[in-house]
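The values are calculated or read from the model by the stated rules, or taken from the named source; none is laboratory data. Bear in mind that the values here come from a model prediction, so they are computed numbers and not experimental data. Don't worry about glycine lacking a Cβ; one is built from the backbone with ideal geometry, like all the others, and counts go over all protein chains shown.
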Amino acid sequence: MSATVKHIPTKSSPNLDDYLGREKEGNDLPRVLYEAGQHCRPETAKAEFRALREEHGQQGAMRTVAARYAEPDDPSDATHLKVGKNWRAAKPNETATHLRIEPQVPFEKRDEAHHFIYSFDLATVNPDDPDQCLRAFEAVVAFREQDTPGTQSKFVAHGDAKGSKAAIERGEGGKFHVHEAMNAVVHTDMVVEGREFKAGQRVAGAITHVDSYRARWDRFLETRGHEFGLAPQDRAVLPEVGSPEYRAKRTTDKDFWSRERGEISDHDRARRGIEAAFGELWEDRDSFALLAPEDRVARLAAVASTSGDVELKLRSTQKGDRIRSFVVPGRAQAIGSTKLGDRYSNIGIAEQLELLAQGDWKPLERRSVGPAKEVPELPDATIASLQERAELMALDEQQEAELDAWLADRAAEDGTTVEELWAARGMTGTERERHLAHGWKADWETAQAEREASAAALAEQAATQSLAPEAQKPFERRRFETTTADAAQAAPPSSAGTTATKPVPLRRERQVGVLRGEQMKDAELLAVVRAEREDGGAYVDFQLSAADPAAQGQRGLHLHASRQKRLRDGREVEGTRTVQQLTPSQYRELRQAAGDNAVEVEGREVLAVRGNVMPATRGGYTANTKSLGPSHRGPIGPDVLEKQRASEDLAREAEAPRASDKFAQAVSTSKSRGDGDRGLG
């Protein structure tokens, strides 16, 4: 099999995120097939990437632009020479070889993100097989989770590739590929190839070095590829990293894109000229074998100059001529002797010339992949699984359509629009907010069903009474008003509010609503320590303090609230989880930030701090323990949790009058029409 990976740094993380989700004009193929996130949610990755960079002071970071060195036309203008990997000014008794050229712009913006592309050839993953594509996508996500668990990445699988004209002619067009957008700042502490990376540190080293990440990707396919239906790399197509075959050509991004456009880059043009010279020497190998080793490079340079593609600039040494650089006609700057790959370096050239003299030389051949992988006949179990997945997707679409219709009806009842209905709750209708709205719809339908059942029960009871209709009506009306009022008192909140004056909060309402960018910075927080662990860590319930301005109007103040099932008295019950697990170091940072601003309430310690919050991967928010500091408010007291609940109750009660007034108005209208015996349902 053949599965390559390449890396492209980018200075604009938002632009990269937009590209991954943008549909291509003139292409009717589906673009985004699958999405996933590591330490972020795909739909909010753009904002989360920026928040992490801002948190560690890396947003808009700049770097110094290095000077470059070139061989001047007049050797007397040279001022510097190279020593190892560094450049320095030539001393009076030394001969300078290069001229230092200062950059026009001394500073440039640092990279904001890193773009990795995992491409699977047709013989490995058939783009027409959804099962193969999904498993390949899952392999990429699993590789990153294992290889660099502390990086923040968004994964997007694209299924609209057609391939370039040149790739289609080679039979390699339309490959399935996965894009990874990795934030330039580390999210969580980790170790990669023995080097420790701390949160807030910039991504570098083995994470972005081409040979390092390709070697680790190859090892992953060897050890875990079978879990995803992938075999180890086909060495006949992709040489092993570090091998002579791998180092033979040093391909650049410009080489790749030039080939994709059917063009030829300057580097490939230089390689073509040298290979053509090798071929001519091979045709005249008998006479070439008679040359002394020190004269072979000069003969190669003479033959290469006739190709029109490249000229070799030489320098004389005690061991003969050596190649200083390659000059491509029309190119302003020469190509360094090590920039084309090991095959074309001085050592590589000497090896090729020796093979020519011995009669063992072989031309460089382009490796190609095998035929496209056939789509296998799927077993019944797989077909059933795919059918189930399709039915679930259809059901989701139906539920979303029903939610849109329900929201439109509620907005019409309120005499407003759906957008204003969202805005009244400080929302815009995001995916997570729509998930909450599904709960509101279910609660509203339950309340409606209870009211209809109550009305039907009253009607049935009235039919069995022996009272005359004239004497029955007032009694029945009184009973109906009492029952409907009770139902209104117990009804959960709807899109228009809640009918109860002080409703019991639902589990999903315990979580704080949507927080804007500024509201997530330097927020006043309360940390309720639920339990301490033996390793020194703790389970902490972080809440937005009622004293923070962002808490106004919030029906829930917990940063995170999720459902969980527990065993109680031998039976399974459903509860709510509001805690965040802290490591020993994070717990120490929390206690240090709180200082003496702590109090014991209801058998648990409550700490007051101030810090940043971030969107959590599984919904809600999480506190960034590294940003925590002392609270700017006064010391908290034993009534601190009572104030939290009172703030939540106040926000819930604020929505109650609208629905209650509408219900009372409906009852009044019914009574004035004299249809109390029929009910409102």
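Within the option set 553, 595, being small (Gly, Ala, Ser) and modelled with pLDDT under 90 holds for one residue only, 553. Somewhere in the range 153-161, is a residue at pLDDT below 90, surrounded by fewer than 19 Cβ atoms within 10 Å (Cβ to Cβ) and of a type outside the set (A, V, I, L, M, F, W, C)? For the range 153-161, residues at pLDDT below 90, surrounded by fewer than 19 Cβ atoms within 10 Å (Cβ to Cβ) and of a type outside the set (A, V, I, L, M, F, W, C): present. Residues that are over 25 Å from residue 45 (Cβ atoms) and polar (S, T, N, Q) were ranked within the range 101-149; the one that is nearest to the chain's Cα centre (by Cα) is 132. Of all residues in the range 75-96, those that are among the hydroxyl-bearing types (Ser, Thr, Tyr) and within 30 Å of residue 209 (Cα to Cα) total 0.
Quick grid of which residues meet (1) modelled with pLDDT of 90 or more; (2) assigned by TED's automatic domain parsing to the domain that holds residue 230; (3) surrounded by 18 or more Cβ atoms within 10 Å (Cβ to Cβ); (4) on the phi > 0 side of the Ramachandran plot:
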{"residue": "320", "(1), (2), (3), (4)": "no, no, no, yes"}
{"residue": "331", "(1), (2), (3), (4)": "no, no, no, no"}
{"residue": "368", "(1), (2), (3), (4)": "no, no, no, no"}
{"residue": "373", "(1), (2), (3), (4)": "no, no, yes, no"}
{"residue": "377", "(1), (2), (3), (4)": "no, no, no, no"}
{"residue": "382", "(1), (2), (3), (4)": "no, no, no, no"}
{"residue": "385", "(1), (2), (3), (4)": "no, no, no, no"}
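Please verify whether the range 115-133 includes one or more residues that are closer than 24 Å to residue 18 by Cα, of a type in the set (Gly, Ala, Ser), in contact (Cβ under 8 Å) with a residue 24 or more places away in the chain and in contact with a helix residue (DSSP H, G or I) (Cβ under 7 Å, 6 or more places away or on another chain). No, that holds for no residue.
Tell me, please, whether a residue that is assigned to a strand (DSSP E or B), closer than 30 Å to residue 625 by Cβ and of a type in the set (Asp, Glu) can be found in the range 193-200.
For the range 193-200, residues assigned to a strand (DSSP E or B), closer than 30 Å to residue 625 by Cβ and of a type in the set (Asp, Glu): present.
Tell me, please, whether a residue that is assigned to a helix (DSSP H, G or I) and within 30 Å of residue 151 (Cβ to Cβ) can be found in the range 122-131. The answer is yes; a qualifying residue exists. Note on the range 426-441: residues that are of a type outside the set (Val, Ile, Thr) and over 16 Å from residue 396 (Cα atoms) amount to 4.
So which residues in the range 201-217 are aliphatic (A, V, I, L, M), in a loop (DSSP other than H, G, I, E, B) and without any contact (Cβ under 8 Å) to a residue 24 or more places away in the chain? Within the range 201-217, just 204 meets the criteria. Remark: pairs (first residue in the range 425-443, outside any helix (DSSP H, G or I); second residue charged (D, E, K, R); Cβ separation under 6 Å; 6+ apart in sequence or on different chains) = 427/433.
Screening the range 227-272 for residues that are of a type in the set (S, T, N, Q) and out of contact with any Ser or Thr (no Cβ under 8 Å at 6 or more places or on another chain) and picking the one that is modelled with the lowest pLDDT gives 251. Here residue 343 passes the criteria (1) in contact with a helix residue (DSSP H, G or I) (Cβ under 9 Å, 6 or more places away or on another chain); (2) in contact (Cβ under 8 Å) with a residue 60 or more places away in the chain; (3) part of a loop (DSSP other than H, G, I, E, B) except the one numbered (3).
For residue 118, the criteria (1) buried (at least 18 other Cβ atoms within 10 Å of the Cβ); (2) outside the structural domain of residue 45 (by TED's automatic domain parsing) hold in every case but one, which is (2). At least 2 residues being free of Cβ contacts under 8 Å to residues at least 24 places away in the same chain is the threshold, and among the strands (runs of 3 or more DSSP E) wholly inside the range 16-114 those reaching it are 80-83, 86-89.
Tell me, which residue of the range 23-36 that is surrounded by fewer than 19 Cβ atoms within 10 Å (Cβ to Cβ) and within 15 Å of the chain's Cα centre (by Cα) is modelled with the highest pLDDT? So, considering only residues that are surrounded by fewer than 19 Cβ atoms within 10 Å (Cβ to Cβ) and within 15 Å of the chain's Cα centre (by Cα), the one modelled with the highest pLDDT is 35.
Per the conditions (1) at pLDDT 85 or above; (2) surrounded by fewer than 16 Cβ atoms within 10 Å (Cβ to Cβ), the sole criterion not satisfied by residue 516 is (1).
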